[in-house]
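Q: So that we are looking at the same thing, I have put the structure below in structure tokens.
The values are calculated or read from the model by the stated rules, or taken from the named source; none is laboratory data. What you see is a predicted model, and the numbers here were worked out from it, not measured in a lab. Every residue, glycine among them, receives a Cβ derived from its backbone with ideal geometry; neighbour counts consider all protein chains shown. Side chains included, ligands, DNA and RNA excluded: accessible areas come from the protein's heavy atoms. Shrake-Rupley method; radii C 1.70, N 1.55, O 1.52, S 1.80 Å.
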Amino acid sequence: MISAQNISKTFKLYQSPSDRLKEIIFRRCYHKEYHALQNISFEVGEGETFGIVGQNGAGKSTLLKILTGVLIPDRGQVTVDGRITGLLELGTGFNNEFSGKENIFLNGGYLGLSHSEVEKRLERIVEFTELADFIDEPIKTYSSGMIMRLAFSIAIHADPSAFVIDEALSVGDAYFQQKCMRKIKEFKDSGGSIVFVSHSMNAVKVLCDRAMLLLDGACVEIGDPEPVINTYNYLVAKRTKGEELKFHASDTGESSYGNEKITINGVQLLDEQGNSVAVAQSGGPVQVKINLTAHETIAEITVGIAIRDKFGQDIFGTNSFYLNCPISVEEAKSYSVLYRFDEFNIGAGKYSITVAAHSEHEHTNECYNWIDKSLAFEVVQSGDYSFIGLSRLTPHLSIEDME
Amino acid sequence: MVSSRISFILEMTRRDFVERFAGSILGSLWAFIFPLVNLLVYLIVFGKIIGARLPGTSDMYAYGIYIAVGIIPWGSFSNTVTRSTNIFSDKKNIITKLNTPLPSLFVHVSLSEALTFIISITLMFIILALKGASFHCGYFLLPFVFYLQQILAIGIGLLTASLSVFITDIRQLVSVVMQLWFWFTPIIYVVDILPDFAQKLMVLNPMFYIVDGYHNIFVYGAYPVFKPLIILTVISHLLLAFSYMTFRYLEKDIRDFL
């Protein structure tokens, strides 16, 4: 359980560190202020995973440092029931000349474990890293992935009540990342709190129960990961294009933004005959129709769609740019863009469609209109072919006699 | 919380010793070899080769012992001050990444220096015993004198460490001052050889009383002079309290600046 109440942190920027002392002695101001965090409050319950997202410089690292006690907030309070560990920097406090085993003891000591406490865990720690053959070698011979394994294993075996995961985890190979994820899940199921910081929005959507979006040190949005990430994407779009983007959000999770040179009026799912439907047959023919109105004449725009599953993961997305189908629009005219799928090869389940009109290949350049979750629909399995999963692959099965 | 701090301090201290001799065949045996060689050098070079005699005695080794029992505690004192001064920048990599209890770092430095001191002084005892020196009750006061000098050292070190984060020059200044302080303390000379004005100034040097205490115990078989040591007890604790308050006042900035 982690509880942060009204955390604020201001960094005073001095020309030189000695100015700080001059300030105390002469009682004059020698600094510029930088508000790294303003009034941040949140709680992470037992067994909960809490995501923190935001662009570079939004205050994520400062917040983590305050959570772990490396920095002291100006105002507000952080309470953690028990120990908080994580992978804050790869192998902090590791000594390259020492063996892996020695470093387990050293690092454990930094985390507040006594020698005998580490000894009790040593076997489990080494076993998890799968580095038994190298554990007596100096870690200067280790690869960065191996060091990450060691650091992760110590941190997770130190019986923390809260665990911080950041990008450092991505150093490991796929096998070990999955192993770490399983371990983290075990930790979570046993009541541990997890703080997850990542720039991978899909990972945040999949892993986190709740998320918080930071912008310039302030909390913009906190709650379900999906709307938080939609807002994040909006902020990314806004940053690339200096102008004001209009932003609308509704309770259903639909949110839209853009400079509205083009507005998307509606999205429809159509069957073969052109009737609007809410349920599509897996593998059957489906059309997605996007109605839009141009308020300016633009030589080339891109209209794209993305299909997301119930976890908000992108499972498919493309646009007219990638399909090599340039669209030009004239002022005050309306158009409908039609995506026709002969075989809608996704598995049964609930999905949503996100649509966008923007310039070039991505919305980050100039975004006219972007609507998250503009349409929800369901896919049902057709009677003739059964399978599991999201993708409807159609394998051919054959059997041959050996010899 | 307290137990985790203690294990942190112990681990750091253990690391000090392990790290110093990491990879060597003799390992921590070196921790005994260095001071032993030093002691023998003092005894042989000053006693036998230079043939210096401590005023008032004819003992060949007395001068060597005089120097050794001054230089060993001075080493602990001086190392504690300089290492403390540099501790924040030395341990920057862990302070800025892990929740490090900063005051524990000073306890660690002092503990580590105390161990070195104990090793050297134990060897000193062995040499004295071999020489046939007799035991007297003054030796019981050794821990007190050592405690006092270390409180003084941490008091200074904590203050200089806190300030050196903002003024890097302090680190250089401390090395220079420690060098001068060494020569201003009667460690390899006797105070009587100083001119009058310098002897009067000696009143202001707390390390004079400390080193004098060791000399009395080891060389003259007497008790330390109590009055100045008691005054020093008060002063060094006040200094430590002042340094600690200064540190607490600046702690947030120290962490920000590192």
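Q: Looking at B:A161, B:A241, B:A198, which one is open to solvent by 40 Å² or more (accessible area, probe 1.4 Å) and not basic (K, R)?
A: B:A241
Q: Tell me whether the stretch B:169-181 contains one or more residues that are away from chain A (no Cβ under 14 Å), loosely packed, with under 15 Cβ neighbours inside 10 Å, aliphatic (A, V, I, L, M) and closer than 28 Å to B:V69 by Cβ.
A: yes
Q: Within the set of pairs 6+ apart or on separate chains, which have a first residue in the stretch B:225-243 that is closer than 17 Å to B:S162 by Cα, a second that is open to solvent by less than 90 Å² (accessible area, probe 1.4 Å) and among the polar types (S, T, N, Q), and C-beta atoms under 8 Å apart?
A: Pairs that qualify, where the first residue is closer than 17 Å to B:S162 by Cα and the partner is open to solvent by less than 90 Å² (accessible area, probe 1.4 Å) and among the polar types (S, T, N, Q), are B:S243/B:S162.
Q: Taking the stated definitions as given, is B:L232 out of contact with any Asp or Glu (no Cβ under 6 Å at 6 or more places or on another chain), within 14 Å of chain A (Cβ to nearest Cβ) and surrounded by 15 or more Cβ atoms within 10 Å (Cβ to Cβ)?
A: Here the answer is no, as B:L232 does not meet what is asked.
Q: Sort through A:A280, A:A294, A:A299 and tell me the only one that's hydrophobic (A, V, I, L, M, F, W, C) and surrounded by fewer than 19 Cβ atoms within 10 Å (Cβ to Cβ).
A: Residue meeting the stated conditions: A:A299.
Q: Which residue, of B:G221, B:G213, B:G155, is touching a residue at least 60 places away in the same chain (Cβ under 8 Å) and either touching a Leu at 6+ places or on another chain (Cβ under 6 Å) or open to solvent by 70 Å² or more (accessible area, probe 1.4 Å) (or both)? Even if it seems obvious, please write down each step before you answer.
A: On the way: B:G221 fails: either touching a Leu at 6+ places or on another chain (Cβ under 6 Å) or open to solvent by 70 Å² or more (accessible area, probe 1.4 Å) (or both); B:G213 fails: either touching a Leu at 6+ places or on another chain (Cβ under 6 Å) or open to solvent by 70 Å² or more (accessible area, probe 1.4 Å) (or both).
After ruling out the rest, the residue left standing is B:G155.
Q: Hey, another quick one. Yes or no: A:I52 assigned to a helix (DSSP H, G or I) and either assigned by TED's automatic domain parsing to the domain that holds A:V206 or under 30 Å from A:A218 (Cβ atoms) (or both)?
A: no
Q: Take the residues of the stretch B:79-105 that are in a helix (DSSP H, G or I) and open to solvent by 50 Å² or more (accessible area, probe 1.4 Å): which is nearest to the other protein chains (Cβ to nearest Cβ)?
A: Result: B:N93.
Q: Residues that are surrounded by 14 or more Cβ atoms within 10 Å (Cβ to Cβ): find the strands (runs of 3 or more DSSP E) completely inside the stretch A:313-377 holding 3 or more of those.
A: A:314-319, A:334-341, A:349-358
Q: I'd like the residue in the stretch B:126-143 that is farther than 14 Å from B:I65 by Cα and either open to solvent by 70 Å² or more (accessible area, probe 1.4 Å) or among the acidic types (D, E) (or both) and, out of all such residues, is farthest from the chain's Cα centre (by Cα).
A: B:S134
Q: For the stretch B:37-45, indicate whether the set of residues that are at the interface with chain A (Cβ under 9 Å from one of its Cβ atoms) and either open to solvent by 50 Å² or more (accessible area, probe 1.4 Å) or closer than 21 Å to B:V109 by Cβ (or both) is non-empty. First the steps, then the outcome.
A: Taking the stretch B:37-45 as the starting set, the residues that turn out to be at the interface with chain A (Cβ under 9 Å from one of its Cβ atoms) are none.
No, there is no match, as no residue in the stretch B:37-45 is at the interface with chain A (Cβ under 9 Å from one of its Cβ atoms) and either open to solvent by 50 Å² or more (accessible area, probe 1.4 Å) or closer than 21 Å to B:V109 by Cβ (or both).
Q: B:E11 versus (1) in contact (Cβ under 8 Å) with a residue 60 or more places away in the chain; (2) within 14 Å of chain A (Cβ to nearest Cβ): which is the lone unmet condition?
A: (1)
Q: What number of residues within the stretch A:375-389 satisfy the criterion of being farther than 23 Å from A:V267 by Cα and β-branched (V, I, T)?
A: 1
Q: Being open to solvent by 30 Å² or more (accessible area, probe 1.4 Å) and either of a type in the set (A, V, I, L, M, F, W, C) or outside any helix (DSSP H, G or I) (or both) is the filter here; which residues of the stretch A:167-200 pass it?
A: Scanning the stretch A:167-200 gives A:V171, A:D173, A:A174, A:M181, A:S190, A:H199, A:S200.
Q: Of the residues in the stretch A:84-115, how many are facing chain B (nearest Cβ under 8 Å) and in a loop (DSSP other than H, G, I, E, B)?
A: Total meeting the criteria: 11.
Q: Okay, moving on. Can you work out which of the residues in the stretch A:106-135 that are among the polar types (S, T, N, Q) and farther than 16 Å from A:F94 by Cα is surrounded by the most Cβ atoms within 10 Å (Cβ to Cβ)?
A: Looking only at the stretch A:106-135, we keep the residues that are among the polar types (S, T, N, Q), and these are A:107, A:114, A:116, A:129.
With the extra rule that they be farther than 16 Å from A:F94 by Cα, the set shrinks to A:114, A:116.
Working: A:S114: 18, A:S116: 9.
Looking at residues that are among the polar types (S, T, N, Q) and farther than 16 Å from A:F94 by Cα, I get A:S114.
Q: Would you tally the residues in the stretch A:136-166 being open to solvent by 50 Å² or more (accessible area, probe 1.4 Å), of a type in the set (S, T, Y) and in contact (Cβ under 8 Å) with a residue 24 or more places away in the chain?
A: 1
Q: Let me ask something else about it. May I ask you to say which residue of A:G76, A:G45, A:G69 is more than 10 Å from every other protein chain (Cβ to nearest Cβ) and open to solvent by less than 30 Å² (accessible area, probe 1.4 Å)? Lay out the reasoning, then the answer.
A: On the way: A:G76 fails: open to solvent by less than 30 Å² (accessible area, probe 1.4 Å); A:G69 fails: more than 10 Å from every other protein chain (Cβ to nearest Cβ).
Checking each option against the conditions leaves just A:G45.
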